[in-house]
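The structure appears right after this line, and notes come after that.
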């Protein structure tokens, strides 16, 4: 980096962006401004052009500047405090929490929105931020773990919103509209309200700035000066997530601005905290202004509503990939067996097997009759044979597949937070189905399944291509997956926010419905699970060695790239085989391996068997709940599994963290 | 109002209406064996009710009274759950003779075929002539259920009623109407283009004040500033209106000063099924005609 650049900092970049923003804003305001100047002030009557200019166009531009700056400052605080270049309101799940709280309030208690959207949003984001903190506290807020925890929380919120959308089909648009923020304004009231709120938050931040700046010295340095590092972090993050919630409560989710602006400010040479905050605010404001002005100009040509938040997410998620490439890989906690570890005696295996068997029997036999009463199906065995058997088999097989995929990925990446969802294979499948629905219309169930598998494979190939350069460094591949997930989410967001009825089918597909699965499909999935288990057992030497680290693996004579490639392919194929059954989000790939570890199993053979059994058991249980809990309404099994899995995962992670 | 309107009925429409009302009470008389039909789409279901062949089971039945309103669901109608996640086990115990689906629920068809014969109907399609698709749907369902006469009678009845509404409105010279559904305090859906509501407006001879483009489904999502106009129009919003929408808009000069807001030219109508068939069209026609008559004094 040259001296000149050091001195100038982000100024040249800001100037270029300001020029672009200026040109676009001029294009937006030129005509109405001229008209305004031409007509005398009191021409009498309602002048629509003038009113729209004064109370919609101008406040919208001002709002773009304010929201961009607010999110960027929030992101800058998060990145600085957590020393994590990937932290932001989007990646930490803060926006997702605010958004899902608003969606729940819209459907369940619209009166709450009348009391104050910001209160609802703040509660939601406080809960999700708190959860992410709980998940990563014991890891010292290690960057990749933090972002993955944020992603898990975000996926959970997404699953909840999807369920709401499916059940409240006729309010789908209202549920999803705030997920892709729109900057549309009709007065200056929201602007002044938000300016006031953000101003108060900044004032609260001011006394902390000095102490925060000391954090740059490292935790020990800060402690040496007598600061409580944890308390400082928590307060700063609380302020940043409150700022985010204020913005979301006014305009909805504007993804990735809070990630991109601080990153650009730092890349362009902003060093000290004050500099980072100021430049981030400016760059964030300009980025959102440019995006929104472009959306206004472009959307004028479209007959379809285009939410600005979805556009920033589509543009911002690839940037995550770029940032990832500049990051040093970190060393996540190992999933390997410690030296001298002995698995508990196999005596538990029969107990576990018996438990699974009992679960299947209960799920087969216990259901609810036409009037909703609990019953055993005496005399109506067809219900058991035609409907319950296939869905239970399919759920169990898909659960086992995902669990196996999770075990392989976690050992391959040496990261216990890896899973098919996190790798982006699922999101790739979702993206492909959404695109095919948009472009080709309806393909039918078989067509969707083929599209999904192709989409998953394309993402896999992309991630492989990306990973080759870093020798398949685990972190990089995980984050690439997160970027793909964000992209898929944005696209689904546009479809659902617009209220396109086809989005309903997409939601149905996403939700993992096993109710109508055929016996043939169920048996095929069973076979796939069996093949996957055998393949994983065949490769178990690698599964044993890779978690020890690349040096150890090389010393033991493993051809690393080849081993990693084979395992990655196995994991992706395995999870893709489960996708047509369970949809893209389940968490089983994360939860099952964790339960197995909590049981004290480490050796890959027993881990594989136990994980497959656990995954199958969880899915059978989830499927039984989906079938009975809100009878006659049937819930999609995949979503129920996700809603059960995410909290279970948090409990497990927290418990394990406490013990170590 | 009804008495007033009768004088505008032509002889043809009166005959149609009488034929319909004569047939409906004797439901089932046309088809000796009552068919057990399950409907996975509300447009199909409401047409079945109007044909006197009520479905025994329906998706999202618990929401029906909130969003379709009329006819009220008969007490025995079984709720078979979400359109995208039908309760197959429950449906199977009902042993339906026929299962009727629309493209919105086609993913469920392979499983439904294990329960009984499945027939898919197109419920929404942009057409040249207003209400062409709902009419065709009525005839198709009539043919399937051997209720051709009821189908023709329903069409004649609907046409007669629509003609009557048109005649009532012709005397009023109503302003153009701006049909919207509030999504929140900042966004609305404006209806027009190829949708059912526009079809009805065309049939009634009413002018739609929404002149900007609509999407392939007959609506446009827009910020509320998109409604700004100097013209003398009447805003017609469908329930439900979110509780914070109108209070928030009262703070907006852009909204407050709008000619139709200032003059109080705003009406709120009960819900009408947007992707509906002939009964929804007729319900909308009646509601808007009565409302426009009411405000005309």
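The values are calculated or read from the model by the stated rules, or taken from the named source; none is laboratory data. Values in this document were obtained by computation on a predicted structure and should not be read as measured data. Cβ: placed from backbone, ideal geometry, glycine included. Neighbour counts: every protein chain shown.
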Just one of A:255, A:269 is closer than 29 Å to residue A:305 by Cα and not in a helix (DSSP H, G or I); which is it?
A:255
In the list A:96, A:105, A:101, A:149, which residue meets the criterion of being within 14 Å of chain B (Cβ to nearest Cβ) and assigned to a helix (DSSP H, G or I)?
A:105
All positions within region B:60-92 that are within 9 Å of chain A (Cβ to nearest Cβ), under 21 Å from the mean Cα position of the chain (by Cα) and touching a residue at least 40 places away in the same chain (Cβ under 8 Å)
B:66, B:67, B:83
In this structure, does residue A:600 turn out to be within 22 Å of residue A:650 (Cα to Cα) and either at pLDDT 85 or above or within 14 Å of chain B (Cβ to nearest Cβ) (or both)?
no
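Hey, among A:639, A:569, A:649, A:565, which residue is in a helix (DSSP H, G or I), at pLDDT below 85 and within 30 Å of residue A:368 (Cα to Cα)?
Every option except A:649 fails the conditions.
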Would you check if there is a residue in region A:442-454 being modelled with pLDDT of 75 or more and surrounded by 24 or more Cβ atoms within 10 Å (Cβ to Cβ)?
yes
Residues (over 12 Å from residue A:244 (Cβ atoms) and touching a residue at least 40 places away in the same chain (Cβ under 8 Å)) located in region A:88-110
A:100, A:102, A:103, A:104, A:106, A:107
Does residue B:270 count as more than 8 Å from chain A (Cβ to nearest Cβ), surrounded by fewer than 18 Cβ atoms within 10 Å (Cβ to Cβ) and under 18 Å from residue B:189 (Cα atoms)?
yes
Would region A:293-300 turn up any residue that is within 14 Å of chain B (Cβ to nearest Cβ) and not in a helix (DSSP H, G or I)?
yes
Those residues of region B:138-179 that are out of contact with any helix residue (DSSP H, G or I) (no Cβ under 7 Å at 6 or more places or on another chain) and within 14 Å of chain A (Cβ to nearest Cβ) come to a total of 0
